[in-house]
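**Student:** Got a structure for you, questions after.
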Amino acid sequence: MSFARLRALIIVGVLVVCATIFVVVAILRDKQDDATVAANCQTGDVPADLRMPDDNAGIKLNVFNATSSPGLAGQVANDFRSRQFTVLKEETAPPPVLEAVAEIRYGPKTVGAAWVVSAFLLNDATKKFDISRTDDTIDVVIGTKYLELATFTEQRQSLGQAGVPVLPPGTCDEQA
(Lines give C-alpha, C1' and ligand atoms only; values in the text may rest on other atoms or scores of the structure.)
Protein backbone atom coordinates (compact mmCIF):
# COMPACT_ATOMS: atom_id res chain seq x y z
CA MET A 1 0.00 0.00 0.00
CA SER A 2 1.37 3.37 -0.93
CA PHE A 3 1.81 6.28 1.45
CA ALA A 4 -0.90 8.31 -0.41
CA ARG A 5 -3.52 5.59 0.09
CA LEU A 6 -2.65 5.20 3.74
CA ARG A 7 -2.95 8.97 4.26
CA ALA A 8 -6.37 9.00 2.46
CA LEU A 9 -7.67 6.13 4.62
CA ILE A 10 -6.56 7.89 7.79
CA ILE A 11 -8.30 11.13 6.75
CA VAL A 12 -11.54 9.31 5.83
CA GLY A 13 -11.42 7.40 9.14
CA VAL A 14 -11.00 10.61 11.13
CA LEU A 15 -13.92 12.21 9.25
CA VAL A 16 -16.18 9.19 9.98
CA VAL A 17 -15.32 9.30 13.69
CA CYS A 18 -16.00 13.08 13.84
CA ALA A 19 -19.33 12.70 12.03
CA THR A 20 -20.41 9.89 14.39
CA ILE A 21 -19.55 11.99 17.46
CA PHE A 22 -21.45 14.99 16.00
CA VAL A 23 -24.61 12.92 15.34
CA VAL A 24 -24.58 11.31 18.80
CA VAL A 25 -24.19 14.69 20.54
CA ALA A 26 -26.99 16.22 18.43
CA ILE A 27 -29.38 13.38 19.29
CA LEU A 28 -28.58 13.49 23.00
CA ARG A 29 -29.06 17.26 23.24
CA ASP A 30 -32.35 17.31 21.26
CA LYS A 31 -35.11 18.78 23.45
CA GLN A 32 -37.95 19.06 20.90
CA ASP A 33 -40.04 16.22 22.31
CA ASP A 34 -40.27 17.62 25.85
CA ALA A 35 -43.99 18.46 26.04
CA THR A 36 -45.98 20.08 28.82
CA VAL A 37 -49.71 19.52 28.95
CA ALA A 38 -52.00 22.54 29.43
CA ALA A 39 -49.29 24.53 31.20
CA ASN A 40 -50.64 27.84 29.90
CA CYS A 41 -54.16 27.36 31.33
CA GLN A 42 -55.31 30.01 33.76
CA THR A 43 -57.80 29.35 36.53
CA GLY A 44 -61.25 28.97 34.99
CA ASP A 45 -60.01 28.31 31.44
CA VAL A 46 -61.50 25.32 29.64
CA PRO A 47 -58.98 23.14 27.75
CA ALA A 48 -59.77 23.12 24.02
CA ASP A 49 -58.63 20.63 21.39
CA LEU A 50 -57.06 22.57 18.50
CA ARG A 51 -55.84 19.47 16.64
CA MET A 52 -57.27 19.12 13.15
CA PRO A 53 -58.04 15.44 12.50
CA ASP A 54 -56.23 13.83 9.57
CA ASP A 55 -59.19 11.52 8.98
CA ASN A 56 -62.69 12.93 8.45
CA ALA A 57 -64.25 9.73 9.82
CA GLY A 58 -63.30 10.91 13.32
CA ILE A 59 -65.47 14.02 12.95
CA LYS A 60 -69.08 13.51 14.12
CA LEU A 61 -71.72 15.77 12.59
CA ASN A 62 -75.37 16.63 13.09
CA VAL A 63 -76.81 18.26 9.96
CA PHE A 64 -79.83 20.56 10.28
CA ASN A 65 -81.85 22.19 7.49
CA ALA A 66 -82.77 25.79 8.37
CA THR A 67 -84.31 26.56 4.97
CA SER A 68 -87.69 26.01 3.37
CA SER A 69 -86.21 23.42 0.94
CA PRO A 70 -87.39 19.96 1.97
CA GLY A 71 -84.80 17.19 2.11
CA LEU A 72 -81.77 19.50 2.13
CA ALA A 73 -80.43 18.07 5.41
CA GLY A 74 -80.41 14.57 3.91
CA GLN A 75 -78.67 15.77 0.75
CA VAL A 76 -75.97 17.64 2.67
CA ALA A 77 -75.58 14.72 5.11
CA ASN A 78 -74.98 12.38 2.15
CA ASP A 79 -72.41 14.82 0.75
CA PHE A 80 -70.59 14.82 4.10
CA ARG A 81 -70.77 11.00 4.22
CA SER A 82 -69.22 10.79 0.75
CA ARG A 83 -66.34 12.84 2.17
CA GLN A 84 -65.92 10.20 4.92
CA PHE A 85 -67.53 12.19 7.81
CA THR A 86 -69.59 10.41 10.45
CA VAL A 87 -73.10 11.87 10.30
CA LEU A 88 -75.21 11.11 13.38
CA LYS A 89 -78.37 13.15 12.68
CA GLU A 90 -80.05 14.86 9.77
CA GLU A 91 -83.08 16.92 10.72
CA THR A 92 -85.04 20.06 9.98
CA ALA A 93 -84.10 22.94 12.27
CA PRO A 94 -86.84 24.89 14.02
CA PRO A 95 -87.68 28.36 12.61
CA PRO A 96 -86.46 30.96 11.82
CA VAL A 97 -84.88 30.44 8.41
CA LEU A 98 -81.10 30.97 8.43
CA GLU A 99 -80.12 33.70 5.94
CA ALA A 100 -76.49 32.57 5.53
CA VAL A 101 -74.46 29.78 3.95
CA ALA A 102 -74.36 27.79 7.17
CA GLU A 103 -73.72 27.96 10.88
CA ILE A 104 -71.23 25.65 12.62
CA ARG A 105 -71.91 25.05 16.32
CA TYR A 106 -69.21 23.36 18.37
CA GLY A 107 -67.60 23.07 21.80
CA PRO A 108 -64.10 22.86 23.31
CA LYS A 109 -63.55 19.24 22.26
CA THR A 110 -64.03 20.01 18.57
CA VAL A 111 -62.33 23.36 17.86
CA GLY A 112 -59.85 21.89 15.35
CA ALA A 113 -62.48 19.63 13.77
CA ALA A 114 -64.81 22.63 13.31
CA TRP A 115 -61.99 24.31 11.37
CA VAL A 116 -61.93 21.34 8.96
CA VAL A 117 -65.73 21.41 8.53
CA SER A 118 -65.64 25.17 7.91
CA ALA A 119 -63.12 24.64 5.11
CA PHE A 120 -65.62 22.33 3.34
CA LEU A 121 -67.98 25.32 3.37
CA LEU A 122 -65.17 27.52 1.94
CA ASN A 123 -64.88 29.38 5.28
CA ASP A 124 -68.20 31.13 4.53
CA ALA A 125 -70.05 29.54 7.47
CA THR A 126 -70.57 31.40 10.73
CA LYS A 127 -68.82 29.67 13.61
CA LYS A 128 -70.67 29.59 16.96
CA PHE A 129 -68.59 28.38 19.89
CA ASP A 130 -70.34 27.16 23.07
CA ILE A 131 -67.89 26.87 25.98
CA SER A 132 -70.37 24.83 28.03
CA ARG A 133 -70.80 22.15 25.35
CA THR A 134 -69.31 18.85 26.53
CA ASP A 135 -69.93 16.49 23.59
CA ASP A 136 -67.60 15.77 20.68
CA THR A 137 -70.08 16.50 17.88
CA ILE A 138 -70.44 19.47 15.56
CA ASP A 139 -73.80 20.86 14.44
CA VAL A 140 -73.94 22.11 10.86
CA VAL A 141 -77.03 24.25 10.26
CA ILE A 142 -77.57 24.78 6.53
CA GLY A 143 -78.86 28.19 5.46
CA THR A 144 -80.52 29.64 2.36
CA LYS A 145 -77.23 30.75 0.75
CA TYR A 146 -75.78 27.23 0.75
CA LEU A 147 -74.87 25.90 -2.71
CA GLU A 148 -72.63 22.84 -2.27
CA LEU A 149 -69.73 21.41 -0.30
CA ALA A 150 -66.21 22.07 -1.52
CA THR A 151 -64.15 19.45 -3.30
CA PHE A 152 -61.11 18.06 -1.48
CA THR A 153 -58.84 20.42 -3.42
CA GLU A 154 -60.97 23.47 -2.62
CA GLN A 155 -61.17 22.36 1.02
CA ARG A 156 -57.38 22.09 1.30
CA GLN A 157 -57.00 25.56 -0.22
CA SER A 158 -59.58 27.00 2.18
CA LEU A 159 -57.85 25.31 5.09
CA GLY A 160 -54.56 26.83 4.02
CA GLN A 161 -56.12 30.29 3.79
CA ALA A 162 -57.78 29.95 7.19
CA GLY A 163 -54.54 29.01 8.92
CA VAL A 164 -54.34 27.28 12.27
CA PRO A 165 -57.37 27.12 14.59
CA VAL A 166 -57.76 30.05 16.96
CA LEU A 167 -58.46 29.59 20.66
CA PRO A 168 -61.97 30.79 21.55
CA PRO A 169 -62.28 33.14 24.53
CA GLY A 170 -62.13 31.42 27.92
CA THR A 171 -60.15 28.45 26.66
CA CYS A 172 -56.56 27.28 26.59
CA ASP A 173 -54.75 24.81 24.35
CA GLU A 174 -54.93 21.38 25.98
CA GLN A 175 -51.86 20.27 23.99
CA ALA A 176 -49.61 23.24 24.90
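The values are calculated or read from the model by the stated rules, or taken from the named source; none is laboratory data. Not measured: the values here are computed from a predicted model. Note that each Cβ is placed from the backbone with ideal geometry, even for glycine, and that neighbours are counted across all protein chains shown. With ligands, DNA and RNA removed, areas are computed over all heavy atoms of the protein, side chains included. Shrake-Rupley method; radii C 1.70, N 1.55, O 1.52, S 1.80 Å.
**Student:** Around Thr86, under 15 Å between beta carbons, what's the net of Lys plus Arg minus Asp minus Glu among the other residues?
**Tutor:** In short, -2.
**Student:** Under the rule a/c < 1.5 gives rounded, and otherwise a/b versus b/c splits prolate from oblate, where does region 78-141 land using the Cα gyration tensor?
**Tutor:** In terms of gyration-tensor shape, rounded.
**Student:** Let me check against my output: what whole-number percent is the relative contact order of region 88-176, with C-alpha pairs under 8 Å and at least 6 apart?
**Tutor:** Computed value for region 88-176: 36 percent relative contact order.
**Student:** So, one more: Rounded to the nearest percent, how much of the accessible area of the chain (1.4 Å probe, protein heavy atoms only) is carbon and sulfur?
**Tutor:** C and S atoms contribute 58 percent here.
**Student:** Now, a different point. Just to check I understand the Karplus step: with θ = phi - 60° and J = 6.51 cos²θ - 1.76 cosθ + 1.60, what whole-Hz values come out for region 138-145, glycine and proline as x?
**Tutor:** Taking θ as phi minus 60°, the curve returns 10, 9, 10, 9, 7, x, 5, 8 Hz for region 138-145.
**Student:** Let me ask something else about it. How many Å² of accessible area per residue for region 77-176, probe 1.4 Å?
**Tutor:** Per-residue accessible area for region 77-176 comes out at 51 Å².
**Student:** Which entry in (i) 25.4, 93; (ii) 16.9, 50; (iii) 15.4, 44 is this structure's computed Rg and Dmax of the Cα atoms in Å?
**Tutor:** Recomputing Rg and Dmax of the Cα atoms in Å here picks out (i).
**Student:** Which cross-chain or sequence-distant (5 or more) residues have an amide H under 5 Å from the amide H of Lys128, H modelled 1.01 Å from N in plane?
**Tutor:** Ile104, Arg105, Tyr106
**Student:** Taking H placed 1.01 Å from N in the peptide plane, check which residues at least 5 places from Arg51 or on another chain put their amide H under 5 Å from its amide H.
**Tutor:** Answer set, sorted by chain and number: Gly112.
**Student:** How high is the relative contact order of the chain, in percent, with contacts defined as C-alpha pairs under 8 Å that are six or more residues apart?
**Tutor:** 29
**Student:** Would you kindly derive the ³J(HN,Hα) couplings of region 148-157 from the backbone phi angles with the Karplus curve 6.51 cos²θ - 1.76 cosθ + 1.60 (θ = phi - 60°), listing them in order in whole Hz, with x for Gly and Pro?
**Tutor:** After applying 6.51 cos²θ - 1.76 cosθ + 1.60, I find 6, 6, 6, 6, 4, 5, 4, 5, 5, 5 Hz.
**Student:** Could you work out the longest stretch of the chain that avoids the GluC sites (Glu not before Pro) located in DSSP loops with at most 16 other Cβ atoms within 10 Å?
**Tutor:** Value returned for the longest uninterrupted segment is 1-98.
**Student:** Further question: Quick one: what are the phi-derived ³J(HN,Hα) couplings along region 68-83, Karplus 6.51/-1.76/1.60 with θ = phi - 60°, whole Hz, x for glycine and proline?
**Tutor:** Working through the residues one at a time gives 8, 7, x, x, 5, 4, x, 5, 5, 4, 5, 5, 5, 4, 5, 9 Hz.
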